[in-house]
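Structure record follows, encoded as structure tokens.
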């Protein structure tokens, strides 16, 4: 029976969530296409991971090698391309993560297998892979069809397929000898680095005021910071603000920053790129102010204001001060 | 150090309302403002900094129509020495794979130590061109690069992972590095610099000269083809607060009061 491969992503002894999300989607696709779900696991001393994965897949292909201890796209590509050549899976799923984007494109080229990246949905129509993805800062969805092929590779957006609890599958663990006879010489993993915290822990704040591109200029930040202070909250931001060096990265909300769950998240001038949304969508109350009525942020906000943030912030600050004045 | 930087001329859409056109496969682009892809802007700056540090040259390459020359002019103004535009009506419909093939044809005959690309483009978001290009050229690559240190033989890199974590890796040169935003602060260019850039030559190369056949580019040479574009389905829609800014501010204040947040 043909297979659907899911490449296991693990780091610092943990299987990452994306793996289980892909296994959930992979199971659904395997059922529909009459194929078998196979988890592919590379690493060193990762027998415990193989056991965990056997609950979620029919088979676990395990390749252990000291050269596979940490993710290295050169080593991973050699081993995975061997497996794909031998077993010809219908589809190989890889996370659209920092690991996945480093691996999938050159892997696809080396195998001459068509690749679709950052997919938010996938289906087979008459044996051809059709995917859903987003373009233009998440403002449009695209249905796209891949070139007809025997085998496909797709990278999957994180936090897109909710993991379903299913009965353990008791998958068979198959140890595959490592094909890596020579040293990996072109690319070398050295270490993980976690930049030291700089004092502000936005994950602990009950009220966060987040700013995005709409703030326009670093000189406008104090205005919003005053609002945050008035609300007894802390200033947070989306990625572009950190990229510009306007706020330090410990203020960044999103997949490459912090995941927050405050009582109130006030999003000002944040359009709501997917990477930001995953970091804040579970906030208890979300109020968003943005000039663009189609900004994706309004898809997760409880209340939305289609307006220039600079018109809203000053009167809002005085209203809140008024309310606070009444209290005392 | 000779650095090639691959750039893309795209519409700014993060802060703009966009509409799907009547083909249903593209957006209406007439009213949009085009410029250099944000990720490529950081790659360009990094290329110029490498040149300033090590000497050598920076060559900017784009695949695009005549409009894309303004992005190449920007590269020249910023410090690129040469600019090349690869163009052909047959390139229309190319995905990241086809674009990488087109780029590889001109790059393979070029002396270089490093190729820089943006980690992704703000329009299609494929995030593949750099790594595919490396695969086609048979050289190593690294994506999501946030820091580059090099002695000319190898490059020691910091790659951005999730949740604020980074990894340090080393690649042998020549290599392709796909640059993440925030790696540097792209500089502003003086009016003088912009004027000087207007006089520099932009080399234009077409399909035949690249030695590519029609079925290697465009939709025919791509892995993926857009069938349909549509507005993302709305799972939940915010309740919109309307009125004058004063009225809206009062409504927000009431909501916060009702929730005990003020």
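Before moving on, here are some points about what is shown:
- Scanning the range A:236-244 for residues that are assigned to a loop (DSSP other than H, G, I, E, B) and within 12 Å of another protein chain (Cβ to nearest Cβ) turns up at least one hit.
- Any hit, the range B:114-121, residues being buried (at least 20 other Cβ atoms within 10 Å of the Cβ) and at positive phi: no
- Residue check: residue A:224 meets all listed conditions (1) without any contact (Cβ under 8 Å) to a residue 60 or more places away in the chain; (2) in contact with a strand residue (DSSP E or B) (Cβ under 6 Å, 6 or more places away or on another chain); (3) part of a helix (DSSP H, G or I); (4) surrounded by fewer than 24 Cβ atoms within 10 Å (Cβ to Cβ) but one, namely (1).
For every residue, the table says whether it meets (1) within 11 Å of another protein chain (Cβ to nearest Cβ); (2) closer than 14 Å to residue B:116 by Cβ; (3) without any contact (Cβ under 8 Å) to a residue 40 or more places away in the chain.
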position: B:4; (1), (2), (3): no, yes, no
position: B:16; (1), (2), (3): yes, no, yes
position: B:29; (1), (2), (3): yes, no, yes
position: B:66; (1), (2), (3): no, no, yes
position: B:70; (1), (2), (3): no, no, no
position: B:75; (1), (2), (3): no, yes, no
position: B:94; (1), (2), (3): no, no, no
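- Within the set B:43, B:60, the sole residue that is at pLDDT 95 or above and in contact with a helix residue (DSSP H, G or I) (Cβ under 6 Å, 6 or more places away or on another chain) turns out to be B:60.
- Residue within the range B:149-159 that is more than 9 Å from every other protein chain (Cβ to nearest Cβ), over 26 Å from residue B:32 (Cβ atoms), in a helix (DSSP H, G or I) and more than 19 Å from the chain's Cα centre (by Cα) present: no
- Condition met for residue B:136 (facing chain A (nearest Cβ under 8 Å), out of contact with any strand residue (DSSP E or B) (no Cβ under 9 Å at 6 or more places or on another chain) and modelled with pLDDT of 95 or more): yes
- Residue within the range B:56-64 that is within 15 Å of residue B:10 (Cα to Cα) and surrounded by fewer than 24 Cβ atoms within 10 Å (Cβ to Cβ) present: yes
- Hits in the range A:245-275 (condition: in a loop (DSSP other than H, G, I, E, B), crowded, with 24+ Cβ neighbours inside 10 Å and more than 9 Å from chain B (Cβ to nearest Cβ)): A:254, A:262, A:270, A:272
- Within the range A:161-215, being under 30 Å from residue A:28 (Cβ atoms), more than 14 Å from chain B (Cβ to nearest Cβ) and part of a loop (DSSP other than H, G, I, E, B) holds for A:161, A:163, A:164, A:165, A:166, A:167, A:168, A:169, A:170, A:171, A:176.
- Residue within the range A:288-310 that is closer than 30 Å to residue A:196 by Cα and surrounded by fewer than 17 Cβ atoms within 10 Å (Cβ to Cβ) present: no
- Residue, nearest to residue B:236 (Cα to Cα), within the range A:276-311, restricted to residues that are in a helix (DSSP H, G or I) and in contact with a helix residue (DSSP H, G or I) (Cβ under 6 Å, 6 or more places away or on another chain): A:309
The values are calculated or read from the model by the stated rules, or taken from the named source; none is laboratory data. This structure is a prediction, so every number in the text was calculated from the model and none was measured. Glycine also receives a Cβ, built like all others from the backbone with ideal geometry; neighbour counts cover every protein chain displayed.
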